[in-house]
1. When the range 106-150 is examined, which residues are found to be part of a loop (DSSP other than H, G, I, E, B), farther than 15 Å from Pro68 by Cβ, small (Gly, Ala, Ser) and open to solvent by less than 40 Å² (accessible area, probe 1.4 Å)?
2. Name the residues in the range 27-66 that are at pLDDT 80 or above and at positive phi, would you?
3. Under 6 Å by Cβ, and 6 or more places apart or on different chains, what pairs join a residue from the range 13-37 that is in contact (Cβ under 8 Å) with a residue 24 or more places away in the chain with one that is surrounded by 11 or more Cβ atoms within 10 Å (Cβ to Cβ)?
4. Of everything in the range 70-123, what is touching a Lys or Arg at 6+ places or on another chain (Cβ under 8 Å) and at pLDDT below 85? Give them in sequence order.
5. Between residues in the range 134-160 that are farther than 30 Å from Pro59 by Cβ and residues that are modelled with pLDDT of 95 or more and part of a strand (DSSP E or B), which pairs lie under 7 Å by C-beta distance while being six or more apart or on different chains?
6. Just to be sure, is Lys158 exposed (fewer than 12 other Cβ atoms within 10 Å of the Cβ) and at pLDDT below 80?
7. Filter the range 1-33 down to residues that are within 19 Å of Pro82 (Cβ to Cβ) and open to solvent by less than 100 Å² (accessible area, probe 1.4 Å) and give me whichever is farthest from the chain's Cα centre (by Cα).
8. For the range 68-96: of the residues being closer than 27 Å to Met28 by Cβ and touching an Asp or Glu at 6+ places or on another chain (Cβ under 8 Å), which is surrounded by the most Cβ atoms within 10 Å (Cβ to Cβ)?
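The values are calculated or read from the model by the stated rules, or taken from the named source; none is laboratory data. Quick caveat: nothing in here was measured; it's all calculated off a predicted structure. Cβ coordinates were reconstructed from backbone atoms using ideal geometry, including for glycine residues, and neighbour counts include every protein chain displayed. Heads up: the accessible areas ignore ligands, DNA and RNA and are worked out on the full protein's heavy atoms, side chains in. Shrake-Rupley method; radii C 1.70, N 1.55, O 1.52, S 1.80 Å.
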Amino acid sequence: MGDPLFAGGLRNSKHSNVADYWQKNKEMAIMNKEFYELVWDKYEFDAIVAPGMVCPALPHGGTTRLSPIANNTFFYNIIDSPVGVIPVTRVDPEKDQLPADWSSKGNQIGSPILNGGLYGPSGVYNPEKMKGLPVGVQVVGRHWEDEKIVEIMDVVDKALPRRDFGPGSWAPSKETAGK
């Protein structure tokens, strides 16, 4: 296959039995404990602000075969952390073109199969078609600190320049106003 990252993900996405399920739950509990010790407890973060995806939002149907690109969200689901997403900007075809020297095959970062499906010649990453779609960050917190994450999201949102979308920008349409 020539793609150890993709092969590993494929190998782990098999049917399992109840014993496998409980073993994975045990491993998740250990991972959770280690993450809390090595990150939350060691550095005393209030939150983590991280990319939500490896790329901006894609056109509808664009991730049919690319669900692993949401891996930035998987880990925080596994360790059962509250997460909120804030739109930061929108895709701008002028700014978001791939550099001329960038290659989905030669960059040596990530999975060649996923990179090809995303950025290759027939890939779904197309800033012209994605124009205006959101680019966001996720705000991650400790267990049971959901309200704290909402408050931190508010602080981050207020620190960003006016974007004409996101929290506080929604207004009812003319059709629904007054109903």
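1. Those that are part of a loop (DSSP other than H, G, I, E, B), farther than 15 Å from Pro68 by Cβ, small (Gly, Ala, Ser) and open to solvent by less than 40 Å² (accessible area, probe 1.4 Å): Gly120, Gly132, Gly141.
2. Within the range 27-66, just Glu44 meets the criteria.
3. Met28/Ile78; Asn32/Ile79; Phe35/Ile79
4. The answer is Pro112, Asn115, Gly116, Gly117, Gly120.
5. Listed pairs, sorted by first residue: Ile152/Val139.
6. Numbers: exposed (fewer than 12 other Cβ atoms within 10 Å of the Cβ): yes; at pLDDT below 80: no.
For Lys158, the condition - exposed (fewer than 12 other Cβ atoms within 10 Å of the Cβ) and at pLDDT below 80 - is not met.
7. This residue is Ala29.
8. From the range 68-96, those closer than 27 Å to Met28 by Cβ are 68-86; that's our starting set.
If we keep only those that are touching an Asp or Glu at 6+ places or on another chain (Cβ under 8 Å) as well, we get 82, 86.
Working: Pro82: 18, Ile86: 20.
Per the stated criteria, the residue is Ile86.
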